[in-house]
Every structure is written in C-alpha cells, then in structure tokens.
Amino acid sequence: MAVTQQEIENRLWDAADELRVAMPEAQYSSVVFPLMFWKYLSDTWEHHHQEFLADNEGLDGLSAEEAHEIEYRDYQSFEIPFIHPGTVQQRRASWSSILATITQPGLGQRVRASLQAIETANPDKFSRLFGSMTWTSEEVLSGEVLAAVMQAMDRTPKMHEGNVSHDVLGGAYEYLLKRFSDGSGTRAGQFFTPREVVELIVEVLDPKGFESVYDPTCGSGGMLIASANLLKTHGGRGYTLRLYGQEAVPDTAGVARMNLFMHNLTQFQVEVGDTLKDHASRSRTGLSRSSM
C-alpha cells in the first residue's frame, strides 16, 4: 500500500511533539530535520544494501574489499560508515544500529558521532549538512527525550525511494517547515518565506533549463526548490537547474541542504555567510546570479 502524505506528516509531527517537554517549538527544527534526514539516508542505504545482498547471494568467495567495491559502484550513492571502528563499540552509523542502543547511556554522543561520520565519509555531498548538533548534548536534550523522539520517528514508514516518493518526502519536509514557522513567532521568517511570496518571485525569474538560480538569503531553500518545480510544471527538467544559496545561520543552511536533497535536487551549493553585512562572503562562494 502506498504511503500517503498525511500518514507520514502525522507520524513526523508525533515525533516532533515529543520535544514539547524540552524546548520551545521555535527550536524543534534543529532536532527534527537532522533526525529525519538521517533516517532517510539510513533507510535508503539499507534498501540498496538488501538489493546488493539479494543480487550477489552466490558470491560468497568475494573478499570484504571486493564486496565493498561492487556495492558502492553499482548500488550505493553515498556511504554510511562505521563509528568506533576496530573497537568493541564498533557499529554502523545508521539509524537502525543506533536505535538498537537506545536504552544505553550516551545516546546523544552516539547520534552525534554517527552524523559526523556520515558527513566525513561523504564530504562532497554532506559536508556540514547536519548543522551544529548542539542538541545532542545531554545538557540541551536529555537522553530520555531524544529516545522518545527517535522511537516516535521510527514509526514513520521506511523513507527509501521504493516505499515513499520524493514528492511525498519533500511535501512532508515542507509541512514541518510550515508547522515550525507557525510556532516560531517573530523568528519564522528566518527559515520560511510564505509560499505566495516565493511563487511570485519565481514567476518573475522564470528559470529555464540549465540556468543558475541564486538566493542570497535562502533560508530553508524554498525559492530554489520552487524554481525547479516551476520549470518542471512548464515541461522542463527541474534537476537541470544549478541552484545556489547563501544563509547567515549555519543550522538554517543545513536545513536548506537537507530540504533540497529531500526534493531529489542534487545540483546545488549552499554556503554560510551574511550577504548584507559581508559582501566578500558572497564572492567567495563563486555563486552565479544569471537568473536573478
């Protein structure tokens, strides 16, 4: 049975709601989005890993190195490495692996180590993706609350492409952005611009295939995604756009990167920097404004 938009949205909000005892709603995004994206990556990796195992069932004579080469050449598009390799604490930096340790002390440390390991193993794709991760500290978010959030999020359907479309995942991400912005008061504009404003700007830009779009204050990346969606609506291929953004708040820049990935957009560059106060920061990114 296909996963419905409302089903995944309700499950994700149930997970976010576990944070109500620990922090104001304005801070939910810094926790929920990294966890959601981590689960998405893990579900995707494990889905392709099972395909690799099924397709190569008779290749027992392969060495570990040969098996790794085949899997990452033909099945995987990113790596989920091990944390604490070569020790008794060694485990895959995946959602399911860490979830299995949820009752043990130091959950936040293991989550942080896993997210950092994924960033390090995939520097071209996921460098600085998960933000500051201050919420993994026990002083900020207790292990009990983090465990409750993860257990609630684990009840969402598997987020790999064989089970949930990118349209549903992207829509769920935008749903959470809207919910978080509604609860953020004056801080809402930091990462979410009203859809009507974004649509107007993008209609004026009218991007064409293989052009570049740059948003100097990109927030959660909504305008960049809307540009790709408009091109797709007009019969073009949204993924051919080169998308560039700059955002002053590091955690919000991470939200934007995850948002773009969730919408299956991979040709992008989002840099951290204050465009208004530091003009040099924009030039250092090498971003194009050909569609502005």
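The values are calculated or read from the model by the stated rules, or taken from the named source; none is laboratory data. None of these values were measured; they are calculated from a predicted model. Don't worry about glycine lacking a Cβ; one is built from the backbone with ideal geometry, like all the others, and counts go over all protein chains shown.
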For region 104-138: of the residues being within 19 Å of Q89 (Cα to Cα) and in contact with a strand residue (DSSP E or B) (Cβ under 9 Å, 6 or more places away or on another chain), which is surrounded by the most Cβ atoms within 10 Å (Cβ to Cβ)? S114
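Here's the yes/no breakdown for (1) touching a residue at least 24 places away in the same chain (Cβ under 8 Å); (2) over 24 Å from S77 (Cβ atoms); (3) surrounded by fewer than 17 Cβ atoms within 10 Å (Cβ to Cβ):
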| position | (1), (2), (3) |
| --- | --- |
| G162 | yes, no, yes |
| P194 | no, yes, yes |
| T233 | no, yes, yes |
| Q246 | yes, yes, no |
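Could you tell me which of the residues Q109, Q116 is over 17 Å from the mean Cα position of the chain (by Cα), assigned to a helix (DSSP H, G or I) and under 28 Å from Y28 (Cα atoms)? If you could, list the steps in order and put the result at the bottom.
Details: Q116 fails: over 17 Å from the mean Cα position of the chain (by Cα).
Criteria check complete, one pass: Q109.
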Regarding region 83-90, can at least one residue be identified that is within 24 Å of the chain's Cα centre (by Cα) and not aliphatic (A, V, I, L, M)? yes
Which of (1) more than 21 Å from Q5 (Cβ to Cβ); (2) in contact with a helix residue (DSSP H, G or I) (Cβ under 9 Å, 6 or more places away or on another chain) does A172 not meet, given it meets every other one? (1)
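Please work out which residue is surrounded by the most Cβ atoms within 10 Å (Cβ to Cβ), limiting yourself to region 37-63 and to residues that are among the polar types (S, T, N, Q) and without any contact (Cβ under 8 Å) to a residue 60 or more places away in the chain. Steps first, please.
Taking region 37-63 first, the residues among the polar types (S, T, N, Q) are 42, 44, 50, 56, 63.
Keeping just the survivors that are without any contact (Cβ under 8 Å) to a residue 60 or more places away in the chain gives 42, 50, 56, 63.
Numbers: S42: 24, Q50: 13, N56: 15, S63: 8.
Among those residues, the one meeting the criterion is S42.
Just the residues that are touching a His at 6+ places or on another chain (Cβ under 9 Å) and modelled with pLDDT of 90 or more, please, taken from region 160-170.
H160, N163, L169, G170
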Could you list, in sequence order, all residues of region 119-141 that are under 22 Å from S77 (Cα atoms), out of contact with any helix residue (DSSP H, G or I) (no Cβ under 8 Å at 6 or more places or on another chain) and assigned to a loop (DSSP other than H, G, I, E, B)? N122
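Looking only at region 55-88, filter to residues that are assigned to a loop (DSSP other than H, G, I, E, B) and hydrophobic (A, V, I, L, M, F, W, C); which one of those is modelled with the lowest pLDDT? Can you show your working first?
The first filter runs over region 55-88 and keeps only residues assigned to a loop (DSSP other than H, G, I, E, B), leaving 56-63, 75-81, 84-88.
From the residues that got through so far, the ones that are hydrophobic (A, V, I, L, M, F, W, C) too are 59, 62, 78, 80, 88.
On the way: L59: 69, L62: 81, F78: 95, I80: 97, V88: 86.
So, considering only residues that are assigned to a loop (DSSP other than H, G, I, E, B) and hydrophobic (A, V, I, L, M, F, W, C), the one modelled with the lowest pLDDT is L59.
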Quick one: count up the residues across region 194-221 that are among the hydroxyl-bearing types (S, T, Y) and assigned to a loop (DSSP other than H, G, I, E, B). 2
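Considering only residues that are crowded, with 16+ Cβ neighbours inside 10 Å and within 18 Å of D124 (Cβ to Cβ), which ones fall in region 79-92? Write out each step before concluding.
First, pick out the residues of region 79-92 that are crowded, with 16+ Cβ neighbours inside 10 Å: 79-80, 82-83, 91-92.
Within region 79-92, E79, I80 meet the criteria.
Can T156 be described as in contact (Cβ under 8 Å) with a residue 60 or more places away in the chain, assigned to a loop (DSSP other than H, G, I, E, B) and of a type in the set (V, I, T)?
Answer is yes for this residue.
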